[in-house]
Amino acid sequence: MDLSELERDNTGRCRLSSPVPVLCRKDPCVLGVDEAGRGPVLGPMVYAICYCPLSRLADLEALKVADSKTLSESERERLFAKMQEDGDFVGWALDVLSPNLISTSMLGRVKYNLNSLSHDTATGLIQYALDQGVNVTQVFVDTVGMPETYQKRLQQSFPGIEVTVKAKADALYPVVSAASICAKVARDQAVKNWQFVEKLQDLDTDYGSGYPNDPKTKVWLKEHVEPVFGFPQFVRFSWRTAQTILEKEAKDVIWEDSAPEDQEGLGKITSYFLNEGSRTCPRASHRYFLERGLESATSL
């Protein structure tokens, strides 16, 4: 799986997909949705879809796909390679959501919780398959939250498609099992080859499973917290485990009102919005703005 796009920029999200088999444009297809990495405090969350014609579902089952959590890493990679070989009737697509995206979404001024982010990502992938011309007639989804509520929402979004949302769908429906394998293979590769944007000295890449209750993961977090700037972007700093370590290991910041004498020589706040040419000293954009493609408005 080529994750070079993610390796170039792992601060946001990226979408990868296989070519759409010709058969999937003509014949009615079944599509499965699942994710990998929803719970860990480290690394991205990956949502994946897998689809095939209803007439070839038995061939997908013959690959002996199963819930990715019950398979070893080598078994998952072997099955994913097999699905790649069977690209004449099997297609897939996935969204990789970075830890930075997840945390900034959850801690933004307008809260965007993980369930909503998950639902919207799954909906976006189903729509993506339709936009690519896949003739989707049935969708099976591994639930996030209450299955009845989730299913009703998806059915409203896709009224012409039969939607089924179930707990443990990755163990019940082969097409969801195939999606879970795609998601897990992508996440494992992303974590293994993660490109740290921070220049870290003595970086230890043995961070355990990445789950909050893993002792090895907790030790890694404590060893890689910077007292002022916190964690590298590999960490979901919105997780309670990360916040607890920050409270214990990082420096407290106290915001105090400036003394009147400190105000002398400061410009008006409106001067920030003036174009660069009117400033006496050009201001370099902070990485926060660069990563999000934000620029100063030159006119209102």
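The values are calculated or read from the model by the stated rules, or taken from the named source; none is laboratory data. Everything numeric here is computed off the predicted structure, so don't read it as measured data. Every residue, glycine as well, gets a Cβ built from its backbone with ideal geometry; the counts of neighbours run over all protein chains shown. To get the accessible areas, we keep the full protein, side chains included, count just its heavy atoms, and leave off ligands, DNA and RNA. Shrake-Rupley method; radii C 1.70, N 1.55, O 1.52, S 1.80 Å.
Points worth noting:
- You will find that of Val185, Val197, Val176, the residue that is of a type in the set (A, V, I, L, M), within 19 Å of the chain's Cα centre (by Cα) and not in a helix (DSSP H, G or I) is Val197 and no other.
- Lys166 vs. criteria of a type outside the set (A, V, I, L, M), touching a Pro at 6+ places or on another chain (Cβ under 9 Å) and open to solvent by 60 Å² or more (accessible area, probe 1.4 Å): yes
- Selection within the range 122-134 - within 20 Å of Ser55 (Cα to Cα) and touching a helix residue (DSSP H, G or I) at 6+ places or on another chain (Cβ under 6 Å): Gly133, Val134
- Listing of strands (runs of 3 or more DSSP E) fully contained in the range 1-110 that carry 3 or more residues being more than 27 Å from Tyr211 (Cβ to Cβ) and open to solvent by less than 60 Å² (accessible area, probe 1.4 Å): 29-36, 45-53
- Residue in the range 62-82 that is touching a Pro at 6+ places or on another chain (Cβ under 6 Å), under 23 Å from Thr123 (Cα atoms) and in contact (Cβ under 8 Å) with a residue 60 or more places away in the chain present: no
- Contact map, the range 22-49: first residue basic (Lys, Arg), second residue crowded, with 24+ Cβ neighbours inside 10 Å, Cβ cut-off under 8 Å, separation 6 or more or different chains; pairs are Arg38/Met45.
- The set of residues in the range 113-158 being of a type in the set (Phe, Trp, Tyr), buried (at least 20 other Cβ atoms within 10 Å of the Cβ) and in a helix (DSSP H, G or I) consists of Tyr150 alone.
- Any pair with Cβ under 7 angstrom, 6 or more apart, that starts in the range 209-230 at a residue that is touching a residue at least 12 places away in the same chain (Cβ under 8 Å) and within 11 Å of Ala242 (Cα to Cα) and ends at one that is hydroxyl-bearing (Ser, Thr, Tyr) and in a strand (DSSP E or B): none
- Residues in the range 204-229 that are over 18 Å from Pro40 (Cα atoms) and surrounded by 12 or more Cβ atoms within 10 Å (Cβ to Cβ): Glu226 only.
- A Cβ distance below 6 Å, combined with a sequence gap of six or more or placement on separate chains, defines the contacts here; from the range 110-135, residues that are under 20 Å from Asn100 (Cβ atoms) reach residues that are part of a helix (DSSP H, G or I) and at pLDDT below 95 in the pairs Tyr112/Ser105; Leu117/Ser105.
- Breaking point among (1) of a type outside the set (Lys, Arg); (2) touching a residue at least 12 places away in the same chain (Cβ under 8 Å); (3) within 20 Å of Arg15 (Cα to Cα); (4) surrounded by fewer than 16 Cβ atoms within 10 Å (Cβ to Cβ), for Val175: (4)
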